[in-house]
Amino acid sequence: MDMNIDFVRAQFPAFEQPALQGQAFFENAGGSYTCKPVIDRLTRFYKERKVQPYAPYEASHLGGAEMDEARQRLAAIMGVDTDELSFGPSTTQNTYVLAQAFRQWLKPGDAIIVTNQDHEANTGPWRRLAESGISVREWKIDPETGLLNPSDLSDLLDDDVRLVCFPHCSNVVGEINPVVEITALAHAAGAFVCVDGVSYAPHGLPDVGALGADIYLFSSYKTYGPHQGCMVIRRALGMLLPNQGHYFNADSLYKRFTPAGPDHAQVAACAGMVDYIEALASHHGITGTTPAATGEAVHDLMRAHEIKLLQPVLDYVSSRNSVRLLGTTTAETRAPTVALACEKSGEALAADLAPLGIMAGGGDFYAVRALEGQNIDPRKGVLRLSFVHYTSQEEIHKLLNALDAVL
């Protein structure tokens with residue numbers, strides 16, 4: 001089934017804005033456009049329900065109910081229990097809080113595994129546990145391909161390892177890591193897994209229950225929503241780790257790792273992301289037997305469109321002797337996040353593309369370790385071209401023409 005791109009783009013007010021006409025957005029890995037249902041819910045909350053929630057009067061009751069709705073529906077579409085999903089100010093902050101919980105729980109001599117493929121937000125807080133006597137082992141990427149090899153992970157696993165942290169996909173390499181396989185390896189060795197899904201979730205929310213991950217993190221501002229960090233932590237691990245919230249919330253799983261009060265309006269607006277997913281499903285005749293099945297079908301719809309648009313981009317850049325493409329040339333195995341190392345700096349190339357109507361980014365994208373692991377100078381950085389399912393074929397043509405002019 002082909003995705004109806006006209007219907008999709010009609011759900012995003014950004015495409016109707018005069019100031020954005022003639023501009024093709026290719027920095028979606030830094031944050032996506034916001035869909036209309038989220039904007040509508042956020043606006044309504046600020047106009048009608050911007051009061052302390054969960055009190056008995058009507059505005060407060062409705063505000064609290066909408067926050068609960070967001071958690072319930074989003075958790076259901078990701079195949080987890082409602083209280084296994086919590087919201088925080090950002091994924092970076094959520095990861096930091098989790099790391100402090102593990103700092104209290106782990107003993108000197110225990111080990112964790114991190115990668116050098118990660119965004120710094122999902123590797124830095126874990127690496128700092130070394131200050132408390134925790135052994136930090138690094139699962140290294142291949143310097144030529146930028147990929148993680150599960151067999152290398154097997155060599156790092158032993159009875160001392162308590163946690164394995166890795167990205168669903170890198171924000172510069174783009175290759176989709178085999179989460180189910182990696183999780184099975186870690187669990188067989190007695191370790192938990194923490195998956196950074198920030199760079200993958202925009203391409204379709206995963207069924208976390210099916211993946212088997214103990215922790216799954218992503219950012220709603222990259223999944224067409226407001227600026228929140230969304231964190232799934234499965235009950236078995238969540239109730240094992242020390243409480244990081246108020247002492248009287250220790251028995252509430254979704255409050256144990258959010259020491260700060262959530263942004264009520266933005267939490268409520270996250271229900272709009274599910275509104276959008278369900279609208280896509282309805283328009284395309286998708287009728288899942290469960291919310292998770294519906295989410296998976298919409299995920300597949302998004303991915304099919306992205307793969308079709310991505311392969312010509314990969315073919316083009318891999319044919320240019322003047323650029324180095326990070327990651328593989330196969331669209332099916334990677335997200336549409338294309339990082340290019342060139343003679344010019346990434347920022348300079350992005351600046352060259354801007355007058356041609358291409359909105360892209362350049363730099364290290366907080367993936368300094370991943371660039372260094374591929375022998376790329378992070379000070380020079382890369383040009384990153386990233387898109388999602390609302391990108392059109394015409395925008396891909398515009399991009400390729402612009403690249404022809406600047407490379």
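What the table shows:
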quantity	calculated
Qualifying residue in the range 6-29 (condition: open to solvent by less than 20 Å² (accessible area, probe 1.4 Å), over 26 Å from residue 297 (Cβ atoms), of a type outside the set (Gly, Ala, Ser) and modelled with pLDDT of 95 or more)	yes
Matching residues, the range 258-290, being of a type in the set (Val, Ile, Thr) and part of a loop (DSSP other than H, G, I, E, B)	258, 286, 287, 289, 290
Output for the range 212-256, where each listed residue is of a type in the set (A, V, I, L, M, F, W, C) and crowded, with 23+ Cβ neighbours inside 10 Å	213, 215, 217, 218, 230, 231, 232, 233
Residue match in the range 303-311 (condition: over 26 Å from residue 225 (Cβ atoms) and among the hydrophobic types (A, V, I, L, M, F, W, C))	no
The range 101-154, subset aliphatic (A, V, I, L, M) and under 21 Å from the mean Cα position of the chain (by Cα), residue most open to solvent (accessible area, probe 1.4 Å)	147
Residue 322, sole failed condition from (1) surrounded by fewer than 18 Cβ atoms within 10 Å (Cβ to Cβ); (2) at pLDDT 95 or above; (3) more than 30 Å from residue 19 (Cα to Cα); (4) in contact with a strand residue (DSSP E or B) (Cβ under 8 Å, 6 or more places away or on another chain)	(2)
Sole residue being within 20 Å of residue 95 (Cβ to Cβ), touching a Lys or Arg at 6+ places or on another chain (Cβ under 9 Å) and of a type outside the set (Asp, Glu), chosen from 244, 228	244
Of the criteria (1) acidic (Asp, Glu); (2) within 19 Å of the chain's Cα centre (by Cα); (3) within 18 Å of residue 284 (Cα to Cα), which one residue 6 fails	(2)
Every pair of residues 6+ apart whose Cβ atoms lie under 6 Å, when the first sits in the range 178-201 and is without any contact (Cβ under 8 Å) to a residue 40 or more places away in the chain and more than 17 Å from residue 158 (Cα to Cα) while the second is outside any helix (DSSP H, G or I) and aromatic (Phe, Trp, Tyr)	195/216; 197/216; 197/218; 201/218
Looking only at the range 182-207, and only at residues there that are more than 23 Å from residue 331 (Cα to Cα) and β-branched (Val, Ile, Thr), the one that is surrounded by the most Cβ atoms within 10 Å (Cβ to Cβ)	193
Some residue of the range 302-317 being open to solvent by less than 10 Å² (accessible area, probe 1.4 Å) and of a type in the set (Asp, Glu)	yes
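For every residue, the table says whether it meets (1) among the acidic types (Asp, Glu); (2) within 15 Å of residue 270 (Cα to Cα).
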site: 2; (1), (2): yes, no
site: 9; (1), (2): no, no
site: 23; (1), (2): no, no
site: 28; (1), (2): no, no
site: 35; (1), (2): no, yes
site: 66; (1), (2): yes, yes
site: 80; (1), (2): no, no
site: 104; (1), (2): no, no
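The values are calculated or read from the model by the stated rules, or taken from the named source; none is laboratory data. Just so it is clear, the model here is predicted, and its values are computed rather than measured. Quick reminder, even Gly has a Cβ in these numbers, built from the backbone with ideal geometry, and neighbours come from all protein chains shown. Side chains included, ligands, DNA and RNA excluded: accessible areas come from the protein's heavy atoms. Shrake-Rupley method; radii C 1.70, N 1.55, O 1.52, S 1.80 Å.
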